[in-house]
Each structure stands twice: as C-alpha cells, then as structure tokens.
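FYI, it's all coordinate maths here, none of it is from the lab. Being a predicted model, the structure only gives us computed values, none of them experimental. Ideal geometry is used to build each Cβ from the backbone, glycine not excepted, and the neighbour counts take in all protein chains shown.
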Amino acid sequence: MSQLFVCTVEELPDGEARKVEYTPDIALFHYDGEFFAVDDRCSHGNASISEGYLEDNATVECPLHTASFCLRTGKALCLPATDPLKTYPVVVKDGNIYITVSEEQ
Ligand code: FES
C-alpha cells in the first residue's frame, strides 16, 4: 500500500470532484467536509464518475445513464449499474489529501 498525494484541502472545495490519473483513474470527491475516492470509470460503461453529479448523503450520479453510487461503500444504488465502484481510503494529513492505493495496481 502507498499513499498517493492528490492536492491540498483548499484545492478541492466542498461539493467538488477531481479525476486523479492513476491505473485505473480514481475520482476524488469532497462532500460536506469528508473526502471519498472511488474508481473514476463507471461500472456500467465508459463514463467518468468525477464528471457526475454529487448528491445528498454522499452519493454520485453517473453523467451518462444516471446510475447512482454510494461514495462511502461504492455500492450501485440504482439501475442501470449493478456492480459497485471500488473505493479507496482517503487520508488528510497537514492539509494534504492522499489516496491509499495498492502498489500492485
Ligand atoms: S455509464 Fe454510468 S450508468 Fe451507464
């Protein structure tokens, strides 16, 4: 496991997201003071989840076919997606945001 520095807390305001280039790409969200990281590619198709719509209760709607996912668990909450998104632990240290990733990815 290693920690991937993404940006500072100030660089990702509440309600915003950013795509983190990695293999695979990761979507990082700031929701109501908490940070969540999930696979950027939708489990249903070729859409970037970081371009989706952040909604109540830390959920995100895919911009392509409007499936919804829980950012805490990655679970698909409605069709057409049925498979979850992988989630990644996020650590905030000294105002910097890190995503914990496996080195063998
Ligand atoms: S690509 Fe995301 S719901 Fe279809």
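Can you sort C78, C62 by how many other beta carbons sit within 10 Å, fewest first?
C78, C62
Is the shape of the range 51-105 rounded, prolate or oblate, going by the alpha carbon gyration tensor and its root eigenvalues a ≥ b ≥ c, with a/c under 1.5 for rounded and a/b larger than b/c for prolate?
Cα axes put the range 51-105 in the prolate bin.
Go ahead and set up a Gaussian network model of the chain, Cα springs under 10 Å, then flag whichever of L64, L85, L28 fluctuates most.
The residue with the greatest mean-square fluctuation here is L64.
For A81, enumerate residues with amide H under 5 Å from its amide H, sequence gap 5+ or separate chain, H modeled in the peptide plane.
Long-range HN contacts for A81: A67, S68.
Arranged by the count of other C-beta atoms within 10 angstrom, fewest first, what order do F5, F29, F69 take?
Exposure proxy ranking, most exposed first: F5, F29, F69.
Given q = 0.22, 0.23 Å⁻¹, what are the Debye log10 I(q)/I(0) values for the chain, with equal point scatterers placed on the Cα positions and solvent ignored?
Relative scattering, expressed as log10 I(q)/I(0), comes to -1.14, -1.23.
So what J values fall out for the range 27-44 if you push phi through Karplus, 6.51 cos²θ - 1.76 cosθ + 1.60 with θ = phi - 60°, rounded to Hz, Gly and Pro as x?
Calculated HN-Hα couplings, in order: 9, 10, 10, 10, 10, 6, x, 10, 10, 9, 10, 9, 3, 6, 7, 4, 6, 9 Hz.
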